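J.: Before we start, here is the structure in question, set down as structure tokens.
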Amino acid sequence: MPERKKLFGTNGVRGVVNEFLTPDFVLKMGKAIGTEMHGNIAVATDTRTSNVMLKDALIAGILSTGSSVVDLGVIPTPALQLRVKSGSFTGGVMVTASHNPPQFNGVKAIAPDGTEASKDEEDRIEDAFYRENFKVAEWNGIGMLSARHDAADSYIRAIVERVDAEAIRERKFTVVLDCSNGASVYTAPYLLEALGVRVITLNSQPQGSFPGHESEPTPENLRDLAKTVKNVGADMGIAHDGDADRAVFIDERGRYIPGELSLALIAREIIRNRKGTIAVVPVSTPSVVEEAIREFDGRTVYTRVGSPVVARKMMEVSAVIGGEENGGIINPRMQYCRDGGMAAAKMLEIVAERGPLSSLIDSLPRFYTVKLKVEIGDRNPAEILQGVRREASAVRIDETDGLKLFLDEGWVLVRPSGTEPLMRIFAESRIEKNARKYAEDHLKIVKSLLR
Ligand code: MG
């Protein structure tokens, strides 16, 4: 039996194609998934060059267990999730590496309710993978494969029904859209069109080599988008990552809007109309979200880092909004998962009602953040955290995920990375020099513990 290596990271299984992520590996993943999510499984991919190779291996594995497969083609992850949620599926699988470079791909499992599979579900799949105790169908019990081509259309319709489409259409917006050559090329331009938007597209042909820029929507990667928004006098720019579960915005002045600000804005405008309701975000989220919704008696509930955890907590506390600072916004009006298309449409609705985007962003409270990291090699992260707890002085300590130390004028989060041997140090204050000082002081503490 091969050595047991953790397969699922914070976002499914990821790896370099034909090195870690080979067809043989994915075939076995298919057997494990078909065994664990036994029944009828929806499968989709993003635009990566390895998509068909890996999808076909995955499907073969699933069918061999007697589970059936519906192939939805190339669509965004949230479009697959919507279909899983609304259809009679026992699970879903997305072949994607989201924002990773083009040589990567990955496999992400979707629970029957359309949310990202929980740690428990992933552990069960992983266990089946290593034990190789797969269901094996008789020759006459092999699963059926069918294909559906309507997932993009029904996804677009579902979004249009959940925003004030009339208000958006009336404004006759011009939007520059950057699909990062990823899965949103088949949905995002048509969604905007359905909302009466004049759409100018960049990187909106499906191309898994990502010729325009890599599919992470960073300020550097969106320079062309920002410039084009300004040059054509557009109302905003919208960019999606490779699998379009995220949306990142550029305001009409060509400024890149950090994800925590778009999340804070959308949260505030939703809670403006539903006063006293709840937003859920991970402990690493800047305080702008909490501050912005406080204006309307909104309450913020913090969770461990990771979008599946946020989504499940949202269900538990009946939150009206949630998300992450990377542009992943969960709007339960649509579904309990990050949804780039829904985030884009909601932002258009907000700007239609209260815009322009730049002044909405400028009306948010201002915080300064500093992020540092330090390599910890093979040192035990829990011991380092214990050391920090001993050495640091804080007004209050939150241990939801890592150590969040509340200080006089802000806070600092010391948290081990989920994927690399790193300790991350994230400090925030309303006063810029405090944020820097908090981060550097705690970096020093961690470094002293490593000696
Ligand atoms: Mg993504």
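J.: What's the extension gain from ASP362 to ASN273 if we count 0.36 nm per residue and subtract their Cα-Cα distance?
T.: Separation in residues times 0.36 nm, less the Cα-Cα distance, equals 30.0 nm.
J.: To continue, here is another question. Eigenvalues of the Cα gyration tensor times 5, then square-rooted: what semi-axes does that give for the range 235-289, in whole angstrom, largest first?
T.: After scaling each eigenvalue by five and taking roots: 22, 14, 11 Å.
J.: Report ³J(HN,Hα) in whole Hz for each residue of the range 420-435, in order, from the Karplus equation J = 6.51 cos²θ - 1.76 cosθ + 1.60 where θ = phi - 60°; Gly and Pro get x.
T.: Along the range 420-435, the couplings run 10, x, 9, 10, 9, 10, 10, 10, 9, 7, 6, 10, 4, 5, 5, 4 Hz.
J.: Determine one quarter of the surface area of the Cα convex hull of the range 376-422, which equals its mean projected area, and express it in nm² to one decimal.
T.: On the way: hull surface 13.5 nm².
Dividing the Cα hull surface by four gives the mean projection, 3.4 nm².
J.: Nearest 500 deg cm²/dmol is fine: what mean residue ellipticity at 222 nm does the chain get from its DSSP H runs of n ≥ 4 alone, each adding -39,500 (n - 2.57), divided by its residue count?
T.: The helix-only estimate for the chain comes to -11500 deg cm²/dmol at 222 nm.
J.: Starting from the Cα of GLU353, step 7 Å toward the Cβ, then list every residue of the range 126-162 with an amide N under 20 Å from that point.
T.: Inside the label zone: 158-162.
J.: Determine the principal axes of the Cα atoms in the range 368-450, then give the extent along each, sorted from largest to smallest and rounded to whole angstroms.
T.: Each principal axis gives a Cα extent; for the range 368-450 these are 35, 23, 20 Å.
J.: For the pair ARG451 and ASP123, what calculated FRET efficiency results from E = 1/(1 + (r/R0)^6), where r is the Cβ-Cβ distance and R0 = 51 Å, to the nearest 0.05?
T.: Working: r = 36 Å, r/R0 = 0.70.
Once rounded, the FRET efficiency stands at 0.90.
J.: Rank by packing, highest mean first: peptides 68-80, 46-58, 208-220, with packing defined as the count of other Cβ atoms within 10 Å averaged across residues.
T.: On the way: 68-80: 25.5, 46-58: 22.2, 208-220: 17.8.
Put in order of decreasing packing, that is 68-80, 46-58, 208-220.
J.: Rounded, prolate or oblate: which fits the chain when a ≥ b ≥ c are the square roots of the eigenvalues of the alpha-carbon gyration tensor, with rounded for a/c under 1.5 and prolate only if a/b beats b/c?
T.: On the way: a/c = 1.76, a/b = 1.14, b/c = 1.54.
Cα axes put the chain in the oblate bin.
J.: Karplus couplings for the range 170-179 from phi (6.51 cos²θ - 1.76 cosθ + 1.60, θ = phi - 60°), rounded to Hz, Gly and Pro as x?
T.: 4, 7, 6, 5, 10, 10, 8, 10, 10, 8
J.: Express as a percent, rounded to the nearest 5, the fraction of DSSP beta bridges in the chain (both residues included) that run antiparallel.
T.: 60
J.: OK, next. Just order 93-103, 335-345, 150-160 by mean Cβ neighbour count inside 10 Å, highest at the front, would you?
T.: Packing order, densest peptide first, comes out as 335-345, 93-103, 150-160.
J.: Skipping prolines and chain starts, which residues have an amide H placed within reach, meaning under 5 Å, of the one on TYR336, given they are 5 or more residues away or on another chain?
T.: HN-HN under 5 Å from TYR336: empty list.
J.: Suppose a student asked you for the relative contact order of the chain, using Cα pairs under 8 Å spaced at least 6 residues apart; what percent would you report?
T.: Answer for the chain is 12 percent.
J.: Taking the simple approach of a point 7 Å from Cα along Cα-to-Cβ for both VAL374 and THR174, what is their distance in nm?
T.: 5.1
J.: Would you mind computing, in nm to one decimal, how far apart the modelled labels at VAL160 and MET144 are, each placed 7 Å from Cα along Cα→Cβ?
T.: Going from the VAL160 label point to the MET144 one covers 3.1 nm.
J.: In Å, what Rg and Dmax follow from the Cα atoms of the range 201-314?
T.: 16.1, 46
J.: How large, in Å, is the range 34-167 by the Kirkwood hydrodynamic radius built from its alpha-carbon pairs?
T.: 15.4
Read-outs throughout are calculated quantities, based only on the coordinates presented, and are distinct from any laboratory measurement. Computed from a prediction, not measured in an experiment: that's the story for all the values here. Virtual Cβ from ideal backbone geometry, glycine too; neighbours counted across all protein chains shown.
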